[in-house]
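What follows is a short report on a single structure.
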Amino acid sequence: MKGISILGSTGSIGCNSLEVIEHLKEFRVVALAAGRNMPKFAEQIAKFRPQLVSVDDQDCAETLERALHKFGAAVPKIELNSNGLIAVATHEEAKTVISATVGAVGFVPTLRAIEAGKRIALANKETLVMAGELMTAAAERSGAEILPVDSEHNAIHQCLRGERNSEVKRLILTASGGPLRTKTQDEIANATPQQALAHPNWKMGDKITIDSATLMNKGFEVIEARWLFGFDADQISVVIHPQSVVHSMVEMVDGSVIAQMGVTDMRHAIQYALTYPERKENCVDPLNIAKLGSLSFEEPDIERFPCLSLAYRALKQGRTAPTVLNAANEVAVRAFLDGRIGFGEIARVNETVLTKHQTTDASSIENILAADGWARERAIMMLGKSASAI
């Protein structure tokens, strides 16, 4: 059986990945990494019996050991924090690594897995947003495959099978529009965390759900698509598709549009990334075309959702601009979820930090981490001021 590691196993993608792995019966889980959800992590360890696990800190490790003793399960080797994530990502028996952590914490471990020549099933979009140039260059050197797990990029990957990039006019990423799609500008600015977290189609973690509500998630996907598929910003479009049935499309130079459709279930994209280039029977119910009803599409409104245009701006600016935008956004989203700023301030923090940044070369890990740290410090400083001063 093929060895596999998961970074972020207790999150939504991680839990769905383990369901797919159990269904396929061709992978052996050799290493798992989680943050602080030790009850769930203990269940996973007891069931899949990895050799190595990683947790945030010593308190989590002790909590995990106690939980495993209650299960009567053996305690595997436990590593801590970023060193643990890297150990899981580079486990010698893991041929595939599912990168499903949330935010910049997954950057270095995923890079190390790429350098080690692993197949990467990538759900952590921040790694390519922060360091797309560095990641893709490392993959070229090591021969590592990067297979997207995001439903949109997974769809683009499927649409491009057998096609030549020279025959592609543009990539079209679909977006549900999120829970605030039909709200006015004032209603959006004053949205509560509860309202912003009420995604109509997908069940996801808090951070990515807020990014969906601001359309920053779609902006990050534009940046990610540039590095995954090699197209410029002007060749990557976004269209709002509230039903989330068409996961994305590719327009060819002859006017043909190829679309990938499916149910709103991440297990499909996860399995595709794990079994590519083969297709196998899935544990997901198939799409019932006859019951779809009407499908609608509309242009995104960047007046109400300015984060999307900020992502295009960062991509065109290049260098460390996307790194800085990602870092500022992580700080701003956390502040919103903690009730320290309003929803409308997320975009304002992002724009201000991006504007103040003097970009540097993004081909080294040192420059990327320095830009990331600078942006976080700048965003935190801004959050210490009143909203009117931001």
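The values are calculated or read from the model by the stated rules, or taken from the named source; none is laboratory data. The structure displayed is predicted, hence computed values, not measured ones. Every residue, glycine as well, gets a Cβ built from its backbone with ideal geometry; the counts of neighbours run over all protein chains shown. For accessibility, only protein heavy atoms count, side chains too; no ligands or nucleic acids. Shrake-Rupley method; radii C 1.70, N 1.55, O 1.52, S 1.80 Å.
Using +1 on the beta carbon of Lys and Arg, -1 on that of Asp and Glu, and nothing else charged, what's the dipole of the range 261-301 about the Cα centre, debye to 20?
On the way: 4 positive and 7 negative charges, 62 e Å.
About 300 debye.
Between Cys15 and Val257, what is 0.36 nm times their sequence separation minus the Cα-Cα distance? Round to one decimal in nm.
Values: separation 242, 0.36 × 242 = 87.12 nm, distance 3.35 nm.
Separation in residues times 0.36 nm, less the Cα-Cα distance, equals 83.8 nm.
Got a number for the accessible area of Val257? Probe 1.4 Å, square angstrom, nearest 10.
So the heavy atoms of Val257 present about 80 Å² to solvent.
Using unit Cβ charges (K, R positive; D, E negative) and no other charged atoms, how large, in debye to the nearest 20, is the dipole of the range 92-228 about its Cα centre? Walk me through the intermediate numbers first.
On the way: 16 positive and 17 negative charges, 50 e Å.
Once rounded to the nearest 20, the dipole reads 240 debye.
Under a straight-distance cross-link criterion of Cα-Cα below 19 Å, which lysines are reachable from Lys207, leaving out those fewer than 8 residues away in the same chain?
Within reach: Lys125, Lys218.
When a/c is below 1.5 the answer is rounded, else prolate if a/b is larger than b/c, else oblate, so apply that to the chain with a ≥ b ≥ c taken from the square roots of the Cα gyration tensor eigenvalues. Each step should come with its number before you reach the end.
Working: a/c = 1.42, a/b = 1.16, b/c = 1.23.
Taking the square roots of the gyration eigenvalues as a ≥ b ≥ c, the chain is rounded.
Given a Förster distance of 41 Å, report the FRET efficiency between Tyr276 and Arg340 from their Cβ-Cβ distance, rounded to the nearest 0.05. Mind dumping the intermediate values first?
Values: r = 42 Å, r/R0 = 1.03.
Here the calculated transfer efficiency is 0.45.
Please report, largest first and rounded to whole Å, the three semi-axes of the ellipsoid equivalent to the range 314-390, where each semi-axis is the square root of five times an eigenvalue of the C-alpha gyration tensor. Write out the running numbers ahead of the final one.
Values: eigenvalues 103, 25, 20 Å².
Ellipsoid half-lengths, sorted descending, are 23, 11, 10 Å.
Give the residue list of trypsin sites (Lys or Arg not before Pro) in the range 139-226 that are DSSP loop and have at most 14 other beta-carbon atoms within 10 angstrom.
Working: sites: Arg141, Arg161, Arg164, Lys169, Arg170, Arg181, Lys183, Lys203, Lys207, Lys218, Arg226; in loops: Arg161, Arg164, Arg181, Lys183, Lys203.
Hits after loop and neighbour filter: Arg161, Arg164, Lys203.
With a cap of 12 neighbouring Cβ atoms within 10 Å, and only residues DSSP puts in a loop, list the GluC sites (Glu not before Pro) found in the range 50-146. Intermediate results must be reported in sequence, preceding the final value.
Details: sites: Glu62, Glu65, Glu79, Glu92, Glu93, Glu115, Glu126, Glu133, Glu140, Glu145; in loops: Glu92, Glu93, Glu145.
Within the range 50-146, the qualifying GluC sites (Glu not before Pro) (loop, at most 12 other Cβ atoms within 10 Å) are Glu92.
Over the range 224-344, what is the relative contact order in whole percent, taking alpha-carbon pairs under 8 Å and six or more residues apart?
Details: 81 pairs, mean separation 25.4, N = 121.
Relative CO of the range 224-344 lands at 21 percent.
Between Glu92 and Cys283, how many nm apart are label points set 7 Å from Cα along the C-beta direction?
So the label points at Glu92 and Cys283 sit 3.1 nm apart.
For Lys2, what accessible surface area do you get with a 1.4 Å probe? Give it in Å², rounded to 10.
We get 90 Å² for Lys2.
Mind checking which of Phe220, Ala311, Ser99 is farthest towards the positive end of the chain's charge dipole, using Cβ charges of +1 (Lys, Arg) and -1 (Asp, Glu) about the Cα centre?
Ser99
Taking a probe of 1.4 Å, how large is the accessible area per residue of the chain, in Å²?
Details: 16770 Å² over 390 residues.
Roughly 43 Å² per residue, with all protein chains present.
Counting only C-alpha contacts under 8 Å and six or more residues apart, can you give the relative contact order of the range 221-290 as a whole percent? Kindly include the intermediate steps, with their values, before the conclusion.
Working: 50 pairs, mean separation 13.6, N = 70.
Dividing the mean separation by the residue count of the range 221-290 yields 19 percent.
Any idea what the relative contact order of the chain is, in percent, if you count C-alpha pairs under 8 Å spaced at least 6 apart? Each step should come with its number before you reach the end.
Details: 739 pairs, mean separation 57.4, N = 390.
15 percent.
Per DSSP H run of n ≥ 4, the term is -39500 (n - 2.57); total these for the chain, divide by its residue number, and report the mean residue ellipticity at 222 nm rounded to 500 deg cm²/dmol. Mind showing how you got there, number by number?
Values: 16 runs with 184 residues, N = 390.
Helix contribution divided over all residues of the chain: -14500 deg cm²/dmol.
Mind putting a number on the dipole of the chain about its Cα centre? Charges go on the C-beta only, +1 for Lys and Arg and -1 for Asp and Glu, and I need it in Debye to the nearest 20. Can you show the working numbers first?
Working: 41 positive and 47 negative charges, 92 e Å.
That gives a dipole near 440 debye.
Under 28 Å between alpha carbons, and skipping anything fewer than 8 positions from Lys77 in its own chain: which lysines qualify?
Leaving aside lysines fewer than 8 places away in the same chain, those within reach of Lys77 are Lys2, Lys25, Lys40, Lys47, Lys95, Lys118.
So the label point goes 7 Å from the Cα of Ala116 along Cα→C-beta, right? Which residues of the range 51-83 then have their backbone N under 18 Å from it?
Residues 51-56, 76-83 fall inside that zone.
For Tyr312, what accessible area in Å² do you get when you roll a 1.4 Å probe over the heavy atoms of the protein chains, rounding to the nearest 10?
Roll a 1.4 Å probe over it and Tyr312 shows about 50 Å².
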